[in-house]
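Trainee: Dropping the structure in here first, questions after.
The values are calculated or read from the model by the stated rules, or taken from the named source; none is laboratory data. The structure presented is a predicted model; accordingly, all values stated were derived computationally and were not measured. Glycine gets a Cβ as well: all are built from the backbone with ideal geometry, and neighbour counts include every protein chain shown.
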Amino acid sequence: MKRSDVAGSLCLDFVNTVDPRHASPREEHLPDYPALLDWARHAGVVTPAEASRLAAAARSRQAAAARAHEDAIALREALYAIFAAVARGEAPPAGSLRRLNDEVARRPREIVGFAWKPAAGDDALDGVLGPIVWSTAELLTSGPLERVRECPGDDTCGWLFLDTSRNGSRRWCDMRTCGNRAKARRFYRRSVGASQFPVCRPVISDGRAGNPHVLKSAPQAVPQSRAASTRP
């Protein structure tokens, strides 16, 4: 399983919780609500104490937990559609933008210290989506959108990331996976290409039919002085 914390942005890490994007079968990193909650805890969206509280609530409210999980997957796909379009220089789908705006409107937040937190009383099971929605809104409004990239790994990866390299040259979501596989494929193609064109040694005949032999070295050119001396 590839790590889904390589994008450089919370919302893009969330988008990258399915692998790959452009081929089947796909590995779903968030198959149910407990997996969503576990991802949120590892991503720093919720504290361990908050995760424990939400896990207990999910066990007693299984239908609500299932709906929260469905909402999370629907949001993820909307965000993917938006940022994949950004990475390709295209206009994001209107329906996906509407979904995001609806999510922003219904997820209030307040400043606690120097950080954004869910507004008081927000204890819904889908509250873990709030920070993801805010991360999305901030990236879309403050950028740097010109640094959003789509990984071309295996022509199927499709993971999104922020290219924070100094010269904007990052190509892969993760060098340890897609990058290394691409290097291995290039090496293999070079090796196969070389083996298809072996070096041939010169072959001459000693004058007897069907009796060629291989020279140990190529014949040397006759010097001009020697060539002249052999003329009649």
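To keep it simple, each residue is scored yes or no on (1) closer than 23 Å to Ala105 by Cα; (2) assigned to a helix (DSSP H, G or I).
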{"residue": "Ala35", "(1), (2)": "no, yes"}
{"residue": "Asp38", "(1), (2)": "no, yes"}
{"residue": "Val45", "(1), (2)": "yes, no"}
{"residue": "Ser52", "(1), (2)": "no, yes"}
{"residue": "Ala63", "(1), (2)": "no, yes"}
{"residue": "Ala66", "(1), (2)": "yes, yes"}
{"residue": "Leu79", "(1), (2)": "yes, yes"}
{"residue": "Glu90", "(1), (2)": "no, no"}
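Trainee: Checking the condition modelled with pLDDT of 95 or more and either closer than 25 Å to Ala78 by Cα or outside any helix (DSSP H, G or I) (or both), which residue from Pro31, Pro25 passes?
Mentor: Being modelled with pLDDT of 95 or more and either closer than 25 Å to Ala78 by Cα or outside any helix (DSSP H, G or I) (or both) holds for just one of Pro31, Pro25, which is Pro31.
Trainee: Considering each of Val6, Val18, Val46 in turn, give the residue that is surrounded by 13 or more Cβ atoms within 10 Å (Cβ to Cβ), within 15 Å of Val133 (Cβ to Cβ) and among the β-branched types (Val, Ile, Thr).
Mentor: Matching residue, one of Val6, Val18, Val46: Val46.
Trainee: Run down Ala72, Ala55, Ala35, Ala91 and say which single residue is touching a helix residue (DSSP H, G or I) at 6+ places or on another chain (Cβ under 7 Å) and more than 20 Å from Leu160 (Cα to Cα).
Mentor: So the residue among Ala72, Ala55, Ala35, Ala91 that is touching a helix residue (DSSP H, G or I) at 6+ places or on another chain (Cβ under 7 Å) and more than 20 Å from Leu160 (Cα to Cα) is Ala55.
Trainee: Continuing with this model, one more query. When residues of the range 126-171 are filtered for being part of a helix (DSSP H, G or I), over 21 Å from His22 (Cβ atoms) and charged (D, E, K, R), how many remain?
Mentor: Residues meeting the conditions: 4.
Trainee: On to the next question. Please go through (1) assigned to a helix (DSSP H, G or I); (2) buried (at least 20 other Cβ atoms within 10 Å of the Cβ) for Asp71 and return the number of the only condition it doesn't satisfy.
Mentor: Unmet condition: (2).
Trainee: Give the number of residues within the range 96-126 that are in contact with a helix residue (DSSP H, G or I) (Cβ under 8 Å, 6 or more places away or on another chain) and either at pLDDT 90 or above or surrounded by fewer than 12 Cβ atoms within 10 Å (Cβ to Cβ) (or both).
Mentor: Of the residues in the range 96-126, 9 are in contact with a helix residue (DSSP H, G or I) (Cβ under 8 Å, 6 or more places away or on another chain) and either at pLDDT 90 or above or surrounded by fewer than 12 Cβ atoms within 10 Å (Cβ to Cβ) (or both).
Trainee: Of everything in the range 3-43, what is of a type in the set (D, E, K, R) and in contact with a Gly (Cβ under 6 Å, 6 or more places away or on another chain)? Give them in sequence order.
Mentor: Residue satisfying the conditions is Arg21 alone.
Trainee: If you don't mind, another one. Six or more apart or on different chains, Cβ under 6 Å: which pairs go from a residue in the range 78-93 that's surrounded by fewer than 14 Cβ atoms within 10 Å (Cβ to Cβ) and hydroxyl-bearing (Ser, Thr, Tyr) to one that's at pLDDT 95 or above and part of a loop (DSSP other than H, G, I, E, B)? Could you list them?
Mentor: As it stands, the answer is none, since no pair meets every condition given.
Trainee: Does Arg61 satisfy the condition of being farther than 19 Å from Val6 by Cα and in contact (Cβ under 8 Å) with a residue 60 or more places away in the chain?
Mentor: For Arg61, the condition - farther than 19 Å from Val6 by Cα and in contact (Cβ under 8 Å) with a residue 60 or more places away in the chain - is met.
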